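**Student:** Have a look at this one before I ask anything.
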Amino acid sequence: MKTDEIETPALLLDMDAMESNLGKMAAFFSQSTAKLRPHFKNHMCPALALRQLAAGAIGMTCATVAEAESLVRHGVRSVLIANEIADPIKIGHFIDLARQADVMVCVDNEAVVEAIAKAARGQGIQPSILVDVDVGLHRCGVQPGEPAVRLARVVVERGLRFRGLMGYEGRVRMHDGPEKLKVCSESIRLLVESRDLVAQAGIPVEILSG
């Protein structure tokens, strides 16, 4: 098919550029102790997600349970829902997904931990949980430090599988140059310090996600 034969509107993808980008990201992370878990919202295309995994990504990040369902349905075996869920129906969907693949979700309050734990007990599974830490955006997340430790302890006590911490440094978008680096470094510092306190409390921290 020629370009002028494509019915518009249509979304076109430069395959050479895409393959180049995949290679650059894979090469960058191959030299790092950090691992790549791309966000599904960048393209919302399961076929591209599978290409990212084939290029070395350890899994996918997404924003909603519905997005996680799409990824699992298309064969993605490790998914992080980088948001909180509270609705009982969504919690039920999350539990169903956690039976099928390594699907993790974030929490920032005890009430949601209790709700997820109750649903998980009913299904006889131990789903994976990350504690969301507010590293400065003030949109969601528990406060850094001891509040993060307390919530991690609640996750473990309620019989859920605590996997680690997540913090979203999205406020860097409001800054440029040296100030952006400063804000990013401060956000990561809060997350790392929280990680260290959780570990000191005797709770293993497998994942530190930003």
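**Student:** Order His93, His39, most accessible first, counting only protein heavy atoms with a 1.4 angstrom probe.
**Tutor:** His93, His39
**Student:** Within the stretch 12-31, whose backbone N sits under 16 Å from a point 7 Å along Cα→Cβ of Arg51?
**Tutor:** 12-27, by backbone N distance to the label point.
**Student:** Which angle between 0 and 90 degrees, to the nearest 10, do you get for helix 146-157 versus the longest principal axis of the chain when only C-alpha atoms count?
**Tutor:** In the chain, helix 146-157 runs at an angle near 90 degrees to the longest axis.
**Student:** In terms of the ratio Rg/(2.2 N^0.38 Å) built on C-alpha atoms, what value belongs to the chain?
**Tutor:** 1.11
**Student:** Loop-only check: which GluC sites (Glu not before Pro) in the stretch 138-210 are DSSP coil with at most 16 other Cβ within 10 angstrom?
**Tutor:** Those satisfying the criteria are Glu206.
**Student:** With charges only on Cβ, +1 for K and R and -1 for D and E, what is the dipole size of the stretch 116-200 about its Cα centre, in debye, rounded to 20?
**Tutor:** For the stretch 116-200, the charge dipole is close to 400 debye.
**Student:** Leaving ligands, DNA and RNA out of it, report the carbon-plus-sulfur percent of the accessible area of the stretch 156-210 at a 1.4 Å probe.
**Tutor:** Reported share for carbon and sulfur atoms: 54 percent.
**Student:** Hey, if we sort Thr8, Thr64 by accessible area with the 1.4 Å probe, largest down, what's the order?
**Tutor:** Reading off the accessible areas and sorting them downward yields Thr8, Thr64.
**Student:** If ligands, DNA and RNA are left out, what is the accessible area of Lys41 with a 1.4 Å probe, given in Å² to the nearest 10?
**Tutor:** Number for this one is 120 Å².
**Student:** Could I ask something else about it? Which three lengths, in whole Å and largest first, does the stretch 88-210 cover when its Cα atoms are put on their principal axes?
**Tutor:** So the three principal-axis extents are 50, 30, 23 Å.
**Student:** Cross-link list Lys90/Lys180; Lys41/Lys180; Lys24/Lys182; Lys2/Lys24; Lys118/Lys180: which exceed 32 angstrom alpha carbon to alpha carbon?
**Tutor:** Cα-Cα > 32 Å for Lys90/Lys180; Lys118/Lys180; rest within.
**Student:** Right, here's the next one. Between the alpha-carbon centers of the stretch 31-82 and the stretch 117-136, tell me the distance in whole angstrom.
**Tutor:** 19
**Student:** Hey, what number do you get for the chain at 222 nm if only DSSP H runs of n ≥ 4 count, each worth -39500 (n - 2.57), divided across all residues, to the nearest 500?
**Tutor:** It comes out at -15000 deg cm²/dmol, rounded to the nearest 500.
**Student:** Considering only protein heavy atoms, what is the solvent-accessible area of Asp108 at a probe of 1.4 Å, reported in Å² to the nearest 10?
**Tutor:** So the heavy atoms of Asp108 present about 40 Å² to solvent.
**Student:** Hey, quick one: spin label on His175, modelled 7 Å out along Cα-Cβ, who in the stretch 127-145 has an amide N within reach, i.e. under 14 Å?
**Tutor:** Within reach of a label on His175, which here means backbone N under 14 Å from a point 7 Å along Cα→Cβ, the stretch 127-145 contributes 135-138.
**Student:** Which value, in Å² and to the nearest 10, is the accessible area of His43 when all protein chains are kept and the probe is 1.4 Å?
**Tutor:** Probe radius 1.4 Å; accessible area of His43 about 50 Å².
**Student:** Enter the per residue convex hull volume of the stretch 5-74, computed from alpha-carbon coordinates, in Å³ rounded to the nearest integer.
**Tutor:** Each residue corresponds to 106 Å³ of Cα convex hull volume.
**Student:** I've got another one for you. Dipole size in debye (nearest 20) for the stretch 1-151 around its Cα centre, Lys and Arg Cβ +1, Asp and Glu Cβ -1?
**Tutor:** 460
**Student:** What order do Ser78, Ser20 take when sorted by accessible area (1.4 Å probe), most exposed first?
**Tutor:** My answer, sorted largest first, is Ser20, Ser78.
**Student:** Can I ask one more? Taking H placed 1.01 Å from N in the peptide plane, check which residues at least 5 places from Met104 or on another chain put their amide H under 5 Å from its amide H.
**Tutor:** Counting only residues 5 or more places away or on other chains, the set is Val79, Leu80, Ile81.
**Student:** For Ile203 and Asp4, compute 0.36 nm times the residue count separating them, minus their Cα-Cα distance, and round to one decimal in nm.
**Tutor:** 65.7 nm
**Student:** In addition: Work out the charge dipole of the chain with +1 on the Cβ of Lys and Arg and -1 on the Cβ of Asp and Glu about the Cα centre, then indicate which of Leu11, Gln143, Gly124 is farthest towards its positive end.
**Tutor:** It is Gly124.
The values are calculated or read from the model by the stated rules, or taken from the named source; none is laboratory data. Note that the structure is a prediction, hence the values are computed from the model and not measured. So basically every Cβ, Gly included, is an ideal-geometry build from the backbone, and we count neighbours across all protein chains shown. The area values use the complete protein model at the heavy-atom level, side chains included, leaving out ligands, DNA and RNA. Shrake-Rupley method; radii C 1.70, N 1.55, O 1.52, S 1.80 Å.
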